[in-house]
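Only one structure is covered here, and it is reproduced in the block below.
The values are calculated or read from the model by the stated rules, or taken from the named source; none is laboratory data. Computed from a predicted structure; not experimentally measured. Cβ placement follows ideal geometry from the backbone for every residue including glycine, while neighbour counts extend to all protein chains displayed.
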Amino acid sequence: MSDHRVQNISRKPRLTTAAVMARFGIIGAVLLSVAGAFAYTGGWLSPNRLTQARAMAMFEQAGGRHPGFRRNHAKGVCVAGWFESNGQAVAMSKAAVFKPGRIPIVGRFAISGDMAFQADKPATVRSMALRFMLPGDEEWRTGLNNVPVFVANSAQGFLDEVLASVPDPVTGKPDPAKMKLFMADHPESVRAIAVIMKSPLSSGFADAIFNSLNAFRMINAAGKSIPVRWAAVPMQPFKSEEAAQTASSDNNYLFDDLIEQLGQHPLLWRLVITIGQPSDPTNDATLPWPADRQQVDAGTVTLHQVSSEETGRCTDVNYDPLVLPPGIEPSDDPLLSARSAAYSRSFTLRAAEKDEKSPSAITPADIKPRGKL
Amino acid sequence: MSADSARFPLPSRLLHWIMAAMILMMLFIGIGMAASVSGRYEVLVSVHKPLGIAILILVVVRLVNRRFNSPPALPDSIPPLQRVTAKASHLLLYALMLALPLVGWAMLSAEHYPIILYGPIHLPPILPFNVKLYASLHSLHTYLAYLLFLTFLAHLGAALYHGLIRRDGVLESMASIRR
């Protein structure tokens, strides 16, 4: 056997030194090309490409480094409760969550920004994140915001907005020149901000409407797929934001109000699904859908328990909007991918920083004195 | 002696080239998705998981196949140090092909993230929920992937060295399309 191959070698003419060098050159070129393609795919050769790592760095650039915290919506509290489905969404989605019955929820209320200890302010975007703990393998996680449309329709647009909105240390307001540049680059955000400014601002978390912003698709048992957006619509009466709250010396007034209300009674939201028409944009979260679209009330979200992130069960949850049960699918909105990627990277970073984390702004002591819970 | 004895048996060659394509694709998908915030991220992630599990299954098939279809011996002309290096690098390749999918699966388990292969087909978690463990496994997955890429480069370089410079039949023993 080996003789056979030794003969093979001896049959081939010897390579000249130049030929050997040339062939080593070819091998080197092949290896360099493969390594180069790998480095290119990983973003190392494109300093201007927005990667996950660069997106995380931009949040830190805007709001400082807060190890162990989420890179956005860093200040928050955990809540718990359940979703009582009324069965009305079964016709639209085969997801088990919509069958009549009760599904436990681990949720989180937060305000936007990387600043884990910022003072609550009326105009800061508030968020509600829900994790539906379905039996079996299925799970649904969704992150909702108290604005009617999202400020951007791309990851780059959103991060540009985050950086342009950083308050100037002297004036305490965003630099008008930076804002102007951002507006010029992003006409879609100018339109979205106009829509956001027109919607009434509620006094707190309890009376805020929280919107999915991104579109999704629901698939029913017959396989029919429809575009949808959803919202948590409060059953608590709407109270408009008052100047008195803004002037409040309590840096945590939004959270303290929430804790006080939850200490008295559960808070309820209806889960309302809006059905889009084929003409409605599903790939652009800055564009509202017409107000006359059919809406289906799928059931009630009841939240009755609040805890600090120090002890709550939401802290180690990645509220990735692409964790969806069969029966709900992503739309063609590229922001869903961007959110999923960014949340995942943020989760990985804070998981590794767990030992460095300082206590969350809302501590267990902030909750205990008020609550029977 | 027939020319076949110097080549890998057909099932081994098939497994090698199918897995070569899958693993190379997997390395590029992995590095691409870890960098991406674009609309492609979702597609990349949803391919990464079932492809990884397919590689895990195939590497087990391959190890079983190896017991029944032995690889041809290296040519006698190869010096002892190169033999040891060849053996060690192949061991490392097999170890990484096994470890990477398992570490990926374990990492998602520790995160308590649903491990969806396709539609309703899920994998059960193989570790309890533990975010610090998740963070360690995530780094491990990353470093092992870089190591696999470097080992793959060395493997490719060695194959080309055998084929272009030594011309000792080692490349042809795998890169032959004849039955």
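For the range A:71-78, the condition holds for no residue, the condition being that it is assigned by TED's automatic domain parsing to the domain that holds residue A:147, in a loop (DSSP other than H, G, I, E, B) and farther than 30 Å from residue A:308 by Cα.
From the list A:116, A:110, the lone residue that is touching a His at 6+ places or on another chain (Cβ under 7 Å), crowded, with 20+ Cβ neighbours inside 10 Å and part of a strand (DSSP E or B) is A:110.
Look at (1) surrounded by 14 or more Cβ atoms within 10 Å (Cβ to Cβ); (2) over 15 Å from the mean Cα position of the chain (by Cα) and you find that residue B:81 fails only one, number (1).
Yes/no per residue for (1) without any contact (Cβ under 8 Å) to a residue 24 or more places away in the chain; (2) small (Gly, Ala, Ser); (3) more than 21 Å from residue A:235 (Cα to Cα):
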position	(1), (2), (3)
A:284	no, no, yes
A:294	yes, no, no
A:304	no, no, no
A:307	no, yes, yes
A:313	no, no, yes
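With respect to residue A:283, determine if the residue is surrounded by fewer than 17 Cβ atoms within 10 Å (Cβ to Cβ) and either among the hydrophobic types (A, V, I, L, M, F, W, C) or within 14 Å of chain B (Cβ to nearest Cβ) (or both). Answer is yes for this residue. Inside the range B:152-179, residues that are surrounded by 19 or more Cβ atoms within 10 Å (Cβ to Cβ) and among the β-branched types (Val, Ile, Thr) make up a count of 1. The residues of the range A:345-362 that are in a helix (DSSP H, G or I), more than 8 Å from chain B (Cβ to nearest Cβ) and either in contact with a strand residue (DSSP E or B) (Cβ under 7 Å, 6 or more places away or on another chain) or hydrophobic (A, V, I, L, M, F, W, C) (or both) amount to a single one, A:349.
Taking the range A:313-344 as the range and being surrounded by fewer than 21 Cβ atoms within 10 Å (Cβ to Cβ), under 21 Å from residue B:132 (Cα atoms) and more than 8 Å from chain B (Cβ to nearest Cβ) as the test, only A:313 passes. Taking the range A:155-191 as the range and being part of a loop (DSSP other than H, G, I, E, B), under 23 Å from the mean Cα position of the chain (by Cα) and not hydroxyl-bearing (Ser, Thr, Tyr) as the test, the residues that pass are A:166, A:186.
Has the range B:55-65 got any residue that is more than 25 Å from residue B:18 (Cβ to Cβ) and in a helix (DSSP H, G or I)? No. Residues in the range B:10-31: is at least one on the phi < 0 side of the Ramachandran plot, touching a strand residue (DSSP E or B) at 6+ places or on another chain (Cβ under 7 Å) and within 12 Å of chain A (Cβ to nearest Cβ)? No, that holds for no residue. Could you please let me know if residue A:149 is at pLDDT 95 or above, hydrophobic (A, V, I, L, M, F, W, C) and surrounded by 19 or more Cβ atoms within 10 Å (Cβ to Cβ)? In short, yes.
Inspect the range B:84-105 for any residue being at pLDDT below 95, β-branched (Val, Ile, Thr) and at negative phi and give the result as yes or no. Within the range B:84-105 (the criterion being at pLDDT below 95, β-branched (Val, Ile, Thr) and at negative phi), the answer is no, since none of the residues qualifies.
Scanning the range A:25-70 for residues that are facing another protein chain (nearest Cβ under 7 Å) and part of a helix (DSSP H, G or I) turns up A:26, A:27, A:30, A:31, A:34, A:35, A:38, A:41, A:52, A:55. Checking each residue in the range A:156-198 for being among the hydroxyl-bearing types (Ser, Thr, Tyr) and either in the same structural domain as residue A:239 (by TED's automatic domain parsing) or modelled with pLDDT of 95 or more (or both) picks out only A:189.
Quick grid of which residues meet (1) assigned to a helix (DSSP H, G or I); (2) without any contact (Cβ under 8 Å) to a residue 24 or more places away in the chain; (3) in contact with a helix residue (DSSP H, G or I) (Cβ under 6 Å, 6 or more places away or on another chain); (4) within 20 Å of residue B:7 (Cα to Cα):
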position: B:52; (1), (2), (3), (4): yes, no, yes, no
position: B:71; (1), (2), (3), (4): no, no, no, yes
position: B:87; (1), (2), (3), (4): yes, yes, no, yes
position: B:91; (1), (2), (3), (4): yes, yes, no, yes
position: B:106; (1), (2), (3), (4): yes, no, yes, no
position: B:134; (1), (2), (3), (4): yes, no, yes, no
position: B:139; (1), (2), (3), (4): yes, yes, no, no
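No other residue among B:33, B:25, B:19 is over 26 Å from residue A:337 (Cα atoms) and either modelled with pLDDT of 95 or more or touching a Cys at 6+ places or on another chain (Cβ under 6 Å) (or both) apart from B:19. Scanning the range A:345-362 for residues that are of a type in the set (Gly, Ala, Ser) and either in contact (Cβ under 8 Å) with a residue 60 or more places away in the chain or not assigned by TED's automatic domain parsing to the domain that holds residue A:321 (or both) gives A:346, A:358, A:360, A:361. Filtered by the rule that a residue be surrounded by fewer than 16 Cβ atoms within 10 Å (Cβ to Cβ) and either more than 7 Å from chain A (Cβ to nearest Cβ) or at pLDDT 95 or above (or both), the range B:113-132 gives B:117, B:118, B:121, B:124, B:126, B:128, B:129, B:132.
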